[in-house]
Amino acid sequence: MTSTAPATPAGIPARPAAQRRILTVLVASQILSGAGLAAGVTVGALLAQDMLGSTDLAGLPSALFTAGSALAAVAVGRVSQARGRRPGLAAGYLTGAIGSAGVVAAAVAGSPVLLFIALFVYGAGTATNLQARYAGADLAAPAHRARAVSTVLVATTLGGVVGPNLAAPTGDLAGTLGIPALAGPFLLAGTAYASAALVLAVCLRPDPLLLARGLHLQQQAAAAARTPGDSAPGPEPSRGPGLVPGALTMVLTQLVMVAIMTMTPVHLHDHGHGTAASGLVIALHVGAMYLPSPLTGWLVDRRGPTTVVAASGVTLLAAGVTAATVPGDSVALLALALVLLGLGWNLGLVSGTAMITDAVPLATRARTQGMVDVSIAIAGATGGLTSGIVVSTAGYPVLALTGGILALAVLPAIAATAGRRSAT
């Protein structure tokens with residue numbers, strides 16, 4: 001059942017003014033949530049390895065919080081569809097904060113079962129961080145949608161880069177509080193997610209999705225008034241041709257990125273490096289995931305998403321080859337591989353998001369976007385869960401090289417879909 005927003009009343013700001021305010025609020029919330037997002041990436045696998053005493057399941061935390069993000073993506077999408085972006089995003093971040101607190105409690109209690117449950121709940125923050133990009137595009141003009149998406153994404157960079165570098169200091173703080181050091185970053189995550197929820201709940205007004213629907217209804221009514229003989233406009237198409245290739249692009253890039261990223265801190269740890277080195281590498285990786293977003297958005301708007309998708313596949317291949325061939329004791333070269341990995345993910349996410357937004361009508365946009373993000377989360381969970389098994393049985397270089405080659409699978413799929421679109 002879909003929700004129909006009423007026509008916007010007098011006093012609602014015009015689209016450009018509302019879009020500027022909405023982007024400002026989203027940027028503020030993304031800066032905060034970026035720090036929360038990075039905590040699980042930096043120490044999640046190490047915490048599980050420490051509590052379980054085995055590398056085999058070190059990828060399980062990543063799988064759990066990405067699986068949790070799948071369920072959260074459905075919930076956030078449905079709440080946003082029915083009530084707007086503001087309650088959907090705020091509830092998602094609040095759930096992520098609760099999960100972060102649960103991880104800290106599990107570490108104190110030494111309970112792996114509670115840890116895994118809490119990590120599942122923590123995944124809601126990851127899903128919400130990604131869903132916020134759609135809110136940036138709701139009111140954007142079609143020719144500027146990719147740049148609007150990129151503005152929201154790049155805001156994650158500050159928190160995402162600062163967060164991993166606080167792994168050691170927050171670990172020290174946790175120690176003074178009688179909490180295991182590896183749970184320290186989740187103290188930061190809980191605070192960051194709760195703050196992001198508060199910012200959105202208070203400040204995201206007007207709601208971008210509800211306003212976009214209201215403006216669309218007004219435009220339909222005005223068009224009907226100009227053509228008296230045709231007062232009932234036809235229904236919007238259920239979906240455009242970009243839905244499938246956009247979803248496929250984001251699914252493959254997420255799978256490859258999560259698999260390689262998850263096991264890189266473990267790989268560094270196995271070669272004698274501590275959490276400070278892992279934090280630096282992950283910080284550079286997260287920076288590469290989000291910092292190039294303005295350029296990526298400009299490229300998508302100017303050159304089209306298909307070209308950027310191809311660049312994503314090639315960049316992820318380069319990341320996999322680099323990670324597979326560099327010495328394990330070289331922090332600098334592994335950081336280069338993770339930077340390429342983040343850049344390839346960014347190219348795929350921005351281009352795929354633009355394709356999805358252009359393809360889906362307002363009447364079903366939030367719900368469809370939520371379902372697409374479910375597929376992305378499942379892909380991430382698969383990458384995280386299998387990464388530990390692959391490294392345990394075949395080694396990190398095999399995992400990295402396999403991921404890089406798999407990323408190229410997006411190229412023939414996109415080419416075939418583009419051919420079908422030109423034929424119609």
The lone exception for residue 168 - which of (1) buried (at least 21 other Cβ atoms within 10 Å of the Cβ); (2) out of contact with any Phe, Trp or Tyr (no Cβ under 9 Å at 6 or more places or on another chain); (3) not acidic (Asp, Glu) it fails: (1)
Could you check, for the stretch 73-93, whether at least one of its residues is of a type in the set (Val, Ile, Thr) and more than 17 Å from residue 368 (Cβ to Cβ)? no
Which pairs have Cβ atoms under 7 Å, sit 6 or more apart or on different chains, and link a residue in the stretch 362-386 that is under 18 Å from residue 68 (Cβ atoms) to one that is among the charged types (D, E, K, R) and at pLDDT 85 or above? 370/78
Residues of the stretch 74-90 that turn out to be without any contact (Cβ under 8 Å) to a residue 40 or more places away in the chain and buried (at least 23 other Cβ atoms within 10 Å of the Cβ), as a count: 0
With the requirement that a residue be assigned to a helix (DSSP H, G or I) and more than 19 Å from the chain's Cα centre (by Cα), what does the stretch 82-97 give you? 82, 83
Only unsatisfied item for residue 241, checking (1) assigned to a helix (DSSP H, G or I); (2) out of contact with any Leu (no Cβ under 6 Å at 6 or more places or on another chain); (3) modelled with pLDDT under 90; (4) farther than 20 Å from residue 321 by Cα, is (1)
Evaluation of residue 290 against (1) touching a helix residue (DSSP H, G or I) at 6+ places or on another chain (Cβ under 8 Å); (2) over 20 Å from residue 136 (Cβ atoms) (one fails), failing number: (2)
Only one of 379, 337 that is assigned to a helix (DSSP H, G or I) and touching a Leu at 6+ places or on another chain (Cβ under 9 Å): 379
Within the stretch 302-315, can one find any residue that is among the aliphatic types (A, V, I, L, M), part of a helix (DSSP H, G or I), touching a helix residue (DSSP H, G or I) at 6+ places or on another chain (Cβ under 9 Å) and under 16 Å from residue 261 (Cα atoms)? no
Return yes or no: is residue 336 closer than 30 Å to residue 143 by Cβ, in contact with a Ser or Thr (Cβ under 9 Å, 6 or more places away or on another chain) and modelled with pLDDT of 95 or more? no
Selected residue (criterion: surrounded by the most Cβ atoms within 10 Å (Cβ to Cβ)) from residues of the stretch 385-424 that are over 16 Å from residue 318 (Cα atoms), modelled with pLDDT of 90 or more and β-branched (Val, Ile, Thr): 391
Kindly indicate which of 366, 394 is within 15 Å of residue 323 (Cα to Cα) and among the aliphatic types (A, V, I, L, M). 394
Filtering the stretch 293-309 down to residues that are crowded, with 18+ Cβ neighbours inside 10 Å and modelled with pLDDT of 90 or more yields 296, 297, 299, 300, 308, 309
Could you list, in sequence order, all residues of the stretch 269-279 that are under 20 Å from residue 162 (Cα atoms) and not small (Gly, Ala, Ser)? 273, 275
State the number of residues belonging to the stretch 319-339 that are under 25 Å from residue 274 (Cβ atoms) and surrounded by fewer than 24 Cβ atoms within 10 Å (Cβ to Cβ). 14
Matching option when the condition is surrounded by fewer than 18 Cβ atoms within 10 Å (Cβ to Cβ), assigned to a helix (DSSP H, G or I) and either aromatic (Phe, Trp, Tyr) or modelled with pLDDT of 70 or more (or both), among 26, 71: 71
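The values are calculated or read from the model by the stated rules, or taken from the named source; none is laboratory data. All values reported here derive from a predicted model rather than from experimental measurement. Glycine gets a Cβ as well: all are built from the backbone with ideal geometry, and neighbour counts include every protein chain shown.
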